[in-house]
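Shown next, in structure tokens, is the structure this report addresses.
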Amino acid sequence: MDNIRCNMMRQPLTWTLAVNLLALAVFAVAPYAREYPAALVGIQVFILVQLLLPSTRPSWETPLCPANVAQAFFWVQLVLVPILFGFYGLSQGTLPRMPSRAAINWAIVLHIIAYLCFCASYQCLHRSLASD
């Protein structure tokens, strides 16, 4: 067990990318994936942000820091939930009627924009704190 933890601490980007690329491939073969193209874009955005913005990558030294918690919430919204409704579809919940596919795709786009804003501001704040 200790060997796996040491390996993850040495190569966090590799593990993060491997999990998210696997999630992208799984979503691509899901039966309902064609109905929600914004979800596919959301998974790709999550992967690209991890590649391009190093300060937004998970910190394995302090797993319960606020940045990791925020990244985990966005990962659930942009990766895990789309995989689940890609395979199982959506069902009538507590709403009086189902939202349209267009409304769901727009909601996913808003989550993508929120994630990009969070990551861009975190990257800028991290740079300004590092220069002080």
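Quick note: the coordinates plus some simple rules give every number you see, no bench work behind them. Predicted model, so just to flag it, every value in this text is computed and none were measured. Cβ: placed from backbone, ideal geometry, glycine included. Neighbour counts: every protein chain shown.
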Checklist entry - Tell me, HIS126, HIS111 in order of fewest to most beta-carbon neighbours within 10 Å? => result HIS126, HIS111
Checklist entry - Which order results if SER91, SER121 are arranged by neighbouring Cβ count within 10 Å, fewest first? => result SER91, SER121
Checklist entry - For segment 32-63, list residues with backbone N below 18 Å from a point placed 7 Å from the Cα of ALA102 toward its Cβ? => result 35-39
Checklist entry - Suppose R0 equals 25 Å; then what is the FRET efficiency for THR62 and ALA18 from their Cβ-Cβ distance, rounded to the nearest 0.05? => result 0.70
Item to check | Along principal axes, Cα extents of the chain, largest first, whole Å | outcome: 51, 36, 25
